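Have a look at the structure below, then the notes.
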Amino acid sequence: MRGHGLSTNGAKGLSFNLFADDLYQVCKCLNLDKVHLLGFSDGASTAMYFTLKYPQMVDKLILNGANYHPFGVKLQYQLPEYFKYLYYRCIGNDLEADIKGLMCFEPFLTKKELQSIDKDCIVIAGVDDMISLSHLRKLAFYLKAKLVRIKGDHFVSFHQYALFNRRVHQFLQEERR
């Protein structure tokens, strides 16, 4: 993912729309015509944008720690990111500012866009996730998805990996709706 790990942000900056196009290129290079897509946090946003742009390529969708709008992130997590974003912009660190900007200004998906996603989907989040419960419920409702909450925070896929993996496996084994 651009701007993460050892990757640069490229000449185009960072956006989930751009990440979705990057993922499309990866799938094409790997000759993947249809995938089950699991995304965590920013990856979940990328997965939703990818599914909107390339619906024919997605079979099932698994969203972990997902938000569809910046205000879905609880204020105690969102506010410090705004200040970091402003700081990095002021000192001219565009890469860090672009990364913080993702959390401040994206994703920005509408109810109509989410309702147009016609895929089997599950939304998984920690009981103490940084995404508000009301936002998670709306996301699951708009996607006609099951909401699964696991004891823990935003990182349940890491801290509760056995339970998380079991829930994902169960979902993948279920018959199509």
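Quick note: the coordinates plus some simple rules give every number you see, no bench work behind them. All of these numbers come straight from a predicted model, not from anything done at the bench. Backbone-built Cβ (ideal geometry, glycine too); neighbour counts: all protein chains shown.
Cα convex hull, the range 7-61: 80 Å³ per residue, rounded to a whole number. Considering only Leu95, Leu63, Leu143, the Gaussian network model of the chain with Cα springs below 10 Å gives its largest mean-square fluctuation to Leu95.
Along each principal axis, taking the top coordinate minus the bottom one, the Cα set of the range 44-108 gives 43, 24, 15 Å in descending order.
The per residue volume of the convex hull around the alpha-carbon atoms of the chain is 120 Å³. Considering helices alone, the calculated mean residue ellipticity of the chain at 222 nm is -15000 deg cm²/dmol, with DSSP H runs of length four and up weighted by -39500 (n - 2.57) and normalised per residue. For helix 133-143, what angle does its Cα long axis make with the longest principal axis of the chain, in degrees from 0 to 90 and rounded to 10? The angle comes out at about 60 degrees. In terms of overall dimensions, the range 78-135 has a Cα radius of gyration and Dmax of 15.2, 44 angstrom.
Could you tell me the convex hull volume per residue, in Å³, taken over the Cα atoms of the range 134-177? Don't skip to the end; give the middle numbers.
Numbers: hull volume 3.1 nm³, N = 44.
Spelled out: Cα convex hull of the range 134-177, divided by residues, is 70 Å³.
Can you tell me the equivalent ellipsoid semi-axes for the range 1-97? Use √(5λ) from the Cα gyration tensor, largest first, whole Å. The partial results should precede the final answer.
Details: eigenvalues 145, 61, 17 Å².
With the √(5λ) rule applied to the range 1-97, the semi-axes are 27, 18, 9 Å.
The base-10 log of I(q)/I(0) for the range 75-177, evaluated at q = 0.15 Å⁻¹, reads -0.79 [Debye formula, identical scatterers on Cα atoms, solvent excluded].
With the simple spin-label model, which puts each label point 7 Å out from Cα in the Cβ direction, the Phe105 to Phe158 separation comes to 2.7 nm.
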